[in-house]
Amino acid sequence: MIRFLAGLGLVLSAALPAHALTTEQAKAIAAGDTDARVAALNDAVARADAGLPKLVAALLDDAVKLAPAQVLIVDGEKVSDAATGAAATLPEDAEDVVNNNRMRGALQAAQAGLKLLSPDIALRREAVTELAKDTLDPSQLPLIDKALAAEIDPSLKDRLGLMRAALQIASPDKAQRLAAARSLGESGMSQVKSLLQARLAEGGESDAEVRGVLLSSVDKVSARLAWGERLGVVFTGISLGSILLLVALGLAITYGLMGVINMAHGELMMIGAYATYLVQNLFKAYLPGLFDWYILLAVPASFLAAALVGAVLERLVIRWLYGRPLETLLATWGISLVLMQGVRGLFGAQNVPVENPAWMSGGVAAMSNLTLPYNRLAIIVFAFAVLGGVALLIAKTRLGLFVRGVTQNRRMAACMGVNTARIDTYAFSLGAGIAGLAGCALSQVGNVGPDLGQSYIVDSFMVVVLGGVGQLAGTVYAALGLGVLNKLLEGWAGAVLAKIMVLVFIVVFIQKRPQGIFAMKGRSAEA
């Protein structure tokens, strides 16, 4: 009730000429018992006293002193009279003004009421949000009506309309309750559903007709919320699928095109993530003003770091094991252990913090119960950008032509003058670099530590095998399909059982179609 009176007075004051705040009025607001102070505050709000906003803000900040002859606002070393605004001197006998919880509630309501009719839309949004946080009281209905009549922004009008309906749902007038119940049925907010259910609880609505409308509105709101939950699961699945796509793209080259079972693929991702961490720290130390753009340098840095390590591995180890998949599995598994231990020695065994740039923080509120995080949206776009780049590289460039030629017939490519050893190095480095890009992306949504790659290596192999060895299109279908399927099953059966069910599905699918979703095209009968 106190908050309503203060806020209503401020609303009504918009149509009244402003008056100067007197010293006596300032004293009445700052000193005395709580009832008298609230009454004085409401009286000043109703007259739209010009000095009131500054005094209210100072009272909430505990920056008001009470002297025998005046009320003083203290802002650092600056002291001013609360009534006139003139500079003043702080006397030694000045006392602090103390506000209890009740008085603070009245002051906060006064501030919210001031903002509610502000010409600044940002302040109005803030005011509506503040009012929505508290339990609304029927006595606040005139305040909401006044603000609703003056509001021109559609989204704020909708929010104020819902607040108005929420107040009317408890009205003694049956017609108002019916109108409010129908109005709330058009909402898709979980708070509205809770409000309707509370009204239907024992001791709430007693009229049979109103209860019927309330039940219908609950069903409508529940249906909209269910759609938000379904879309949230699909988005989460697509987000997971885009991460799997990034992880599996590099593996599709090293395993699908080159036949190398690279168990160190996850550790190449880890190198990309740590490269992102180092670039972030360099920006923090030397370019703090440009920190929000460190990711633009981290992307090529993560690619080059992982590609360089991949080139070294191919030259020293992998080149001697082509055509021997089991040996490559064992060798790269040993390499993965060496890389993990090396990172532990350099950076420690604990996870390291990687911060999102400011423009990747927050999200888009698509529905009342569905927020799409900016970092997830950025990763989805990034994954498909990398996919497009890889597809163009393989299909349209000289390097891609040589990679496809060596993959299909190494001896014939060598006879045509292709340096197959160099192409092997380039191809393996490309796959390793793409793994580094995946690590850069993962650093924006998860922890960065020595075991980063272990969480994704099995899933990435499943994506490549399911999609069809060497098929980029199959990799896309498999990654997105497994991501969405996994999240759908998680909501139904839990995370662990969902993983098991996905694995069983892949085993059965491979039994029926060993070549995967897309088979390699060839002229032989076996192909």
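Among (1) open to solvent by less than 40 Å² (accessible area, probe 1.4 Å); (2) over 21 Å from Ala57 (Cα atoms); (3) at pLDDT 75 or above, there is one condition Arg124 misses while meeting the rest; what is its number?
Arg124 satisfies all of (1) open to solvent by less than 40 Å² (accessible area, probe 1.4 Å); (2) over 21 Å from Ala57 (Cα atoms); (3) at pLDDT 75 or above except (2).
Does Gly342 count as in a loop (DSSP other than H, G, I, E, B) and either charged (D, E, K, R) or out of contact with any strand residue (DSSP E or B) (no Cβ under 7 Å at 6 or more places or on another chain) (or both)? Explain how you work it out, then say what you get.
Numbers: in a loop (DSSP other than H, G, I, E, B): no; either charged (D, E, K, R) or out of contact with any strand residue (DSSP E or B) (no Cβ under 7 Å at 6 or more places or on another chain) (or both): yes.
When the stated conditions are applied, Gly342 does not pass them.
In the range 441-480, which residue that is at pLDDT 85 or above and not in a helix (DSSP H, G or I) is most open to solvent (accessible area, probe 1.4 Å)?
Asp451
Within the range 46-97, work out how many residues are of a type in the set (Val, Ile, Thr), open to solvent by less than 50 Å² (accessible area, probe 1.4 Å) and not in a strand (DSSP E or B). Write out each step before concluding.
Residues of the range 46-97 of a type in the set (Val, Ile, Thr): 56, 64, 71, 73-74, 79, 84, 89, 97.
The next check asks that each one be open to solvent by less than 50 Å² (accessible area, probe 1.4 Å); those that pass are 56, 64, 71, 73-74, 79, 97.
Okay, now just the ones that are also not in a strand (DSSP E or B), so 56, 97.
Final tally of qualifying residues: 2.
Kindly indicate whether any position in the range 174-186 is in a helix (DSSP H, G or I), within 30 Å of Thr407 (Cβ to Cβ) and open to solvent by 50 Å² or more (accessible area, probe 1.4 Å).
Going through the range 174-186, the residues in a helix (DSSP H, G or I) turn out to be 174-184.
Then drop every residue that is not within 30 Å of Thr407 (Cβ to Cβ), which leaves none.
No: zero hits.
Of the numbered conditions (1) part of a loop (DSSP other than H, G, I, E, B); (2) open to solvent by 30 Å² or more (accessible area, probe 1.4 Å), Val260 satisfies every one except a single condition; which is it?
Answer for Val260: the failing condition is (2).
Being farther than 30 Å from Lys193 by Cα, small (Gly, Ala, Ser) and free of Cβ contacts under 8 Å to residues at least 12 places away in the same chain narrows it down to one residue among Ala285, Ala365; which is it?
Working: Ala365 fails: farther than 30 Å from Lys193 by Cα.
That would be Ala285, the only listed residue that is farther than 30 Å from Lys193 by Cα, small (Gly, Ala, Ser) and free of Cβ contacts under 8 Å to residues at least 12 places away in the same chain.
Take the residues in the range 389-403 that are within 19 Å of Val476 (Cα to Cα) and touching a residue at least 12 places away in the same chain (Cβ under 8 Å), then tell me which one is least open to solvent (accessible area, probe 1.4 Å).
Val390
Mind checking which residues of the range 404-440 are in a helix (DSSP H, G or I), among the aliphatic types (A, V, I, L, M) and either modelled with pLDDT under 90 or open to solvent by 10 Å² or more (accessible area, probe 1.4 Å) (or both)?
Val406, Met412, Ala413, Ala414, Ala421, Ile423, Ala427, Leu430, Leu437
Go over the candidates Gly228, Gly161 one by one and state the one that is in contact with a strand residue (DSSP E or B) (Cβ under 7 Å, 6 or more places away or on another chain), more than 30 Å from Val299 (Cα to Cα) and open to solvent by less than 30 Å² (accessible area, probe 1.4 Å).
Values: Gly161 fails: in contact with a strand residue (DSSP E or B) (Cβ under 7 Å, 6 or more places away or on another chain).
Checking each option against the conditions leaves just Gly228.
Somewhere in the range 327-335, is a residue of a type in the set (Asp, Glu), more than 28 Å from Ala473 (Cα to Cα) and free of Cβ contacts under 8 Å to residues at least 40 places away in the same chain? Spell out how you get there, then give the answer.
First, the residues of the range 327-335 that are of a type in the set (Asp, Glu): 327.
Applying the additional criterion that residues be more than 28 Å from Ala473 (Cα to Cα) yields 327.
Cutting the leftovers down to free of Cβ contacts under 8 Å to residues at least 40 places away in the same chain gives us 327.
Scanning the range 327-335, I find at least one residue that is of a type in the set (Asp, Glu), more than 28 Å from Ala473 (Cα to Cα) and free of Cβ contacts under 8 Å to residues at least 40 places away in the same chain, so the answer is yes.
Output the number of the condition that Ala275 fails; it satisfies all remaining conditions of (1) part of a loop (DSSP other than H, G, I, E, B); (2) open to solvent by less than 30 Å² (accessible area, probe 1.4 Å).
Only one criterion is unmet by Ala275, namely (1).
Which members of the range 192-221 meet the condition of being out of contact with any helix residue (DSSP H, G or I) (no Cβ under 8 Å at 6 or more places or on another chain) and either under 22 Å from Lys157 (Cα atoms) or assigned to a loop (DSSP other than H, G, I, E, B) (or both)?
Listed by number, the residues that qualify are Ser194, Ala201, Glu202, Gly203, Ser206, Lys220.
Spot the failing condition for Leu290; the list is (1) surrounded by 13 or more Cβ atoms within 10 Å (Cβ to Cβ); (2) without any contact (Cβ under 8 Å) to a residue 24 or more places away in the chain, and only one is missed.
(1)
Go through the range 363-388 and report how many residues are open to solvent by less than 50 Å² (accessible area, probe 1.4 Å) and in a strand (DSSP E or B).
Qualifying residue count for the region: 4.
Answer with yes or no whether Leu485 is open to solvent by 40 Å² or more (accessible area, probe 1.4 Å), out of contact with any Lys or Arg (no Cβ under 6 Å at 6 or more places or on another chain) and not charged (D, E, K, R).
Working: open to solvent by 40 Å² or more (accessible area, probe 1.4 Å): yes; out of contact with any Lys or Arg (no Cβ under 6 Å at 6 or more places or on another chain): yes; not charged (D, E, K, R): yes.
Criteria met by Leu485.
When residues of the range 278-303 are filtered for being out of contact with any helix residue (DSSP H, G or I) (no Cβ under 7 Å at 6 or more places or on another chain) and either outside any helix (DSSP H, G or I) or not β-branched (Val, Ile, Thr) (or both), how many remain? So that I can check it myself, show each step before the final result.
In the first step, residues of the range 278-303 are kept if they are out of contact with any helix residue (DSSP H, G or I) (no Cβ under 7 Å at 6 or more places or on another chain); the result is 278, 281-282, 285-289, 293, 295-296, 300.
Still in the list and also either outside any helix (DSSP H, G or I) or not β-branched (Val, Ile, Thr) (or both): 278, 281-282, 285-289, 293, 296, 300.
Residues meeting the conditions: 11.
Can you tell me which of Leu5, Leu21, Leu12, Leu16 is assigned to a loop (DSSP other than H, G, I, E, B), open to solvent by 60 Å² or more (accessible area, probe 1.4 Å) and either on the phi < 0 side of the Ramachandran plot or modelled with pLDDT of 85 or more (or both)?
Working: Leu5 fails: assigned to a loop (DSSP other than H, G, I, E, B); Leu21 fails: open to solvent by 60 Å² or more (accessible area, probe 1.4 Å); Leu12 fails: assigned to a loop (DSSP other than H, G, I, E, B).
Exactly one of Leu5, Leu21, Leu12, Leu16 is assigned to a loop (DSSP other than H, G, I, E, B), open to solvent by 60 Å² or more (accessible area, probe 1.4 Å) and either on the phi < 0 side of the Ramachandran plot or modelled with pLDDT of 85 or more (or both), namely Leu16.
Where the second residue is polar (S, T, N, Q) and surrounded by 10 or more Cβ atoms within 10 Å (Cβ to Cβ) and the first is more than 12 Å from Ala31 (Cβ to Cβ) and lies in the range 65-78, which pairs have Cβ atoms under 6 Å and are six or more apart or on separate chains?
Ile73/Ser80
The values are calculated or read from the model by the stated rules, or taken from the named source; none is laboratory data. Model, not experiment: these values are computed from the prediction. Virtual Cβ from ideal backbone geometry, glycine too; neighbours counted across all protein chains shown. In case anyone asks, the SASA skips ligands and DNA or RNA and just uses the protein heavy atoms, side chains included. Shrake-Rupley method; radii C 1.70, N 1.55, O 1.52, S 1.80 Å.
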